[in-house]
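Data block below; observations after.
The values are calculated or read from the model by the stated rules, or taken from the named source; none is laboratory data. Just so you know, these numbers come straight off a predicted model, no measurement behind them. Neighbour counts run over all protein chains shown; Cβ positions are idealised from the backbone, glycine included.
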Amino acid sequence: MKTAERIKQIPPYLFAQIDKKIAELRKKGIDVISLGVGDPDLPTPPNIIDALEKAARDPECHKYPDYEGSLDFRKAVATYYRRRFGVDLDPESEVMALIGSKEGIAHIFFAFIDPGDYALIPDPAYPVYKTATLFAGGIPYSMPLLKENNFLPDFSSIDTEIARKAKLMFLCYPNNPTAAVADEKFFEEAVEFAKTYDIIICHDSAYAEVTFDGYKAPSLLSVKGAKDIGVEFGSLSKPYRMTGWRLGYAVGNKDVIAALGIIKTNVDSGQFTAIQRAGIEALLGPQNSLDEMLSVFKRRRDLVVETLREVGLEVEPPKGTFYVWVPVPEGYTSSSFAEMLLEKAAVVVTPGNAYGDHGEGYVRISLTTPDDRLKEAMRRIKESLSF
Ligand code: MLT
């Protein structure tokens, strides 16, 4: 069977590959511990499940959902933005429900990238930004995220010719995979740069609620003028442990939201209304489960950082996300270190170079594994590095 040319330039999806590998090893009886995908092990809070159960019994929810999301869900997102960031949104034109933020992130490229257009993509990054650029026929231009720049892109180093031809720029803070965080000043610089070159900023803020040590992640949209050129992608997956439910949203510039809507209404029919009602409960109901979750991730973060320091790896406790971005020991590459850990310790970590060339020299550890398994993984990693 001959696939379309565009498929040939896209590697298989990173986390699907990792899942396959884990399944193969487990079939052989190997007790693999995965610190790979960022899929919270903690369950969805019960009040959200109750809301789903109730909504699922309502025949009103059994019909096609509203394409752009129910107005009630969009209003709940707007209420959350006002409460959390002090940002006002018009629920009708500036908020759109997504079937998980991943699909919106991928579809936005089809709304704005013509073949040959540039998209400015952080490197390392969540793989979807680059693959969606390629799917749309665009050219990904890599913005290196370097340790010396606190893993923030340096806008002044972007080729001005390319900037003129760029249509979209993706950002993500708190950052996957480096766990770096950004402040409002950084977003101000991003907005200024984007306005100079007439580039749309898409900010992936999936980890906005996963922060520690008193740090609160800002919204891109808090910055003056951001809504003129920016949208933000949010997700209920990580804060409310709803990865399997597939519920997210895009908010911000109404023309960008409308263009995304043209793509989406032609390829999907929206998210199940009952799930959106549960999403309203998540956003507007009690928030104490968020703090409980953060204290679990903080405990795990500290355990991982302490263990890695004991074996001589220089790791700072991240202020955001449930990832730890770990420089590999001397003599290893990202891949050879990840392979060694798999072989000697049966522990899966993601090699940094899978997120882009500038991820070389790092691996990503996800903290979304129960404490006892994480402790066991740390014991095995320590042992594998001690001889
Ligand atoms: C990750 O591990 O980077 C994410 O969980 C993947 C995703 O959000 O799709």
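All conditions in (1) farther than 21 Å from Tyr129 by Cβ; (2) buried (at least 22 other Cβ atoms within 10 Å of the Cβ); (3) small (Gly, Ala, Ser) hold for Ala190, with the sole exception of (1). Exactly one residue out of Lys75, Lys20, Lys27 is within 16 Å of the ligand (Cβ to nearest atom) and without any contact (Cβ under 8 Å) to a residue 24 or more places away in the chain: that is Lys20. The single condition among (1) within 20 Å of Gly320 (Cα to Cα); (2) not acidic (Asp, Glu); (3) not in a loop (DSSP other than H, G, I, E, B) that Leu168 does not meet is (1).
Residue by residue, here is whether (1) under 30 Å from Glu209 (Cβ atoms); (2) in a helix (DSSP H, G or I); (3) under 22 Å from the mean Cα position of the chain (by Cα) holds:
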| site | (1), (2), (3) |
| --- | --- |
| Gly312 | no, no, no |
| Glu316 | yes, no, yes |
| Trp325 | yes, no, yes |
| Pro329 | no, no, no |
| Tyr332 | no, no, no |
| Met340 | no, yes, no |
| Asn353 | yes, yes, yes |
| Val363 | yes, no, yes |
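Annotation note: of Lys227, Lys238, the sole residue that is in a loop (DSSP other than H, G, I, E, B) and within 30 Å of Ala194 (Cα to Cα) is Lys238. If you filter the range 321-368 down to residues that are within 12 Å of the ligand (Cβ to nearest atom) and polar (S, T, N, Q), you find that the one that is surrounded by the most Cβ atoms within 10 Å (Cβ to Cβ) is Thr321. Can you confirm whether the range 25-35 contains a residue that is assigned by TED's automatic domain parsing to the domain that holds Gly234, part of a loop (DSSP other than H, G, I, E, B), over 28 Å from Met169 (Cβ atoms) and charged (D, E, K, R)? Within the range 25-35 (the criterion being assigned by TED's automatic domain parsing to the domain that holds Gly234, part of a loop (DSSP other than H, G, I, E, B), over 28 Å from Met169 (Cβ atoms) and charged (D, E, K, R)), the answer is no, since none of the residues qualifies. Please go through the range 1-17 and pick out each residue that is assigned to a helix (DSSP H, G or I), more than 15 Å from the ligand (Cβ to nearest atom) and touching a helix residue (DSSP H, G or I) at 6+ places or on another chain (Cβ under 7 Å). Listed by number, the list holds a single entry, Arg6. When you check Ala217 against the structure, is it more than 16 Å from the ligand (Cβ to nearest atom), closer than 25 Å to Ala278 by Cα, not assigned by TED's automatic domain parsing to the domain that holds Gly356 and not charged (D, E, K, R), yes or no? Yes; evaluated as a whole, the condition is true for this residue. Name the single residue, out of those in the range 223-259 being more than 16 Å from Leu168 (Cβ to Cβ) and in contact with an Asp or Glu (Cβ under 6 Å, 6 or more places away or on another chain), that is farthest from the ligand (Cβ to nearest atom). It comes out as Lys254. Among the residues making up the range 78-101, a single one is farther than 17 Å from Ile262 by Cα and within 16 Å of the ligand (Cβ to nearest atom): Gly100.
Out of Leu247, Leu303, one residue alone is of a type in the set (A, V, I, L, M) and touching a strand residue (DSSP E or B) at 6+ places or on another chain (Cβ under 9 Å). It is Leu247.
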